[in-house]
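Values in this text are rule-based calculations from the coordinates and carry no lab data. Just so it is clear, the model here is predicted, and its values are computed rather than measured. FYI the Cβ positions are ideal-geometry reconstructions off the backbone, even for glycines, and counts take in every protein chain you see.
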Amino acid sequence: MQDKIFETVDTYIDGLFASEDVILESIRDRARAAGLPEIEVSAGQGKFLYLMAKLTGATRMLEVGTLGGYSTVWMARALPEGGQMTTLELDAAHAAFARETFRLAALEGVCHMIEGPALQSLQVLEGPFDLVFLDANKDQYPDYLEEAARLLAPGGLFMADNVIRKGAVIDPPVDDVMARGAAEFNRRLSSYPQFESIVLQQVGRKGHDGLAVARKRA
Ligand code: SAM
């Protein structure tokens with residue numbers, strides 16, 4: 001019953017504040033037809049990422065975990081003229097799908113895909129980035145945190161999705177590597193000298209989870 005009301009309110013909020021245009025809608029439709037997992041951010045979460053990017057005036061953004069490019073498009077649309085978005089994806093089919101998304105969204109010159117294991121890509125990337133968004137395999141979030149700290153500009157915005165996992169992070173089961181990774185990430189981020197941070201608990205059509213939001217100290 002509780003989940004139902006959270007879902008209904010999510011739909012209400014998205015209807016008012018985060019309506020999708022044909023491009024965003026078509027990413028979901030194409031993704032379902034292509035059999036991609038239904039794990040992209042919701043429209044409301046996409047709008048939130050877009051607003052965060054606008055508010056920080058980000059010109060160079062980095063995303064870890066592209067899938068079909070849905071969140072990438074939301075964020076890239078917040079970039080000013082000449083801004084750049086780099087996005088990292090392991091799965092070749094997801095990467096190919098996302099490249100097509102960027103073409104259809106007329107963002108080919110803005111969104112750059114790096115295919116391969118994210119940690120490897122991060123280790124050779126050069127900053128500074130104004131915004132880093134983590135949305136990939138949670139077991140490596142602690143490693144991604146170290147790379148984000150290196151790559152972000154002073155004052156840069158760092159966000160990481162799915163860090164509550166229905167509360168499993170409080171006492172993660174031994175066999176839940178994702179919850180264990182997210183829990184270790186939260187533990188490190190909370191006392192990371194270079195960041196001031198918080199986690200926002202989230203409920204809605206994607207269930208119960210959380211988004212970490214942090215600012216790299218200037
Ligand atoms: N950000 C996307 C959105 O909202 O539209 C959703 C990303 S989905 C939750 C996570 C993605 O991370 C998947 O496409 C998966 O293939 C990718 N991924 C998983 N492990 C990875 C790794 N080690 N390196 C890079 N990408 C990875």
How much of the DSSP bridge set in the chain is antiparallel, in percent, rounded to the nearest 5?
40 percent
Net charge around LEU24, counting only other residues with Cβ within less than 12 Å of its Cβ (Lys, Arg = +1; Asp, Glu = -1)?
-2
If each part is reduced to its alpha-carbon centroid, the stretch 23-71 and the stretch 122-175 end up apart, in Å, by 17 Å
Stokes-Einstein D in µm²/s, Kirkwood radius over Cα pairs - the chain at 4 °C with 1.567 mPa s viscosity:
74 µm²/s
When you count, for each residue, the other Cβ atoms within 10 Å and take the mean per peptide, how do 64-74, 178-188, 130-140 rank with the highest first?
64-74, 130-140, 178-188
For the chain, what does the helix formula give at 222 nm: sum of -39500 (n - 2.57) over DSSP H segments with n ≥ 4, over the residue count, nearest 500 deg cm²/dmol?
-13500 deg cm²/dmol
Just the Cα atoms of the stretch 102-190, one point each, no solvent: what log10 I(q)/I(0) does Debye give at q = 0.13, 0.21, 0.23 Å⁻¹?
-0.50, -1.03, -1.14
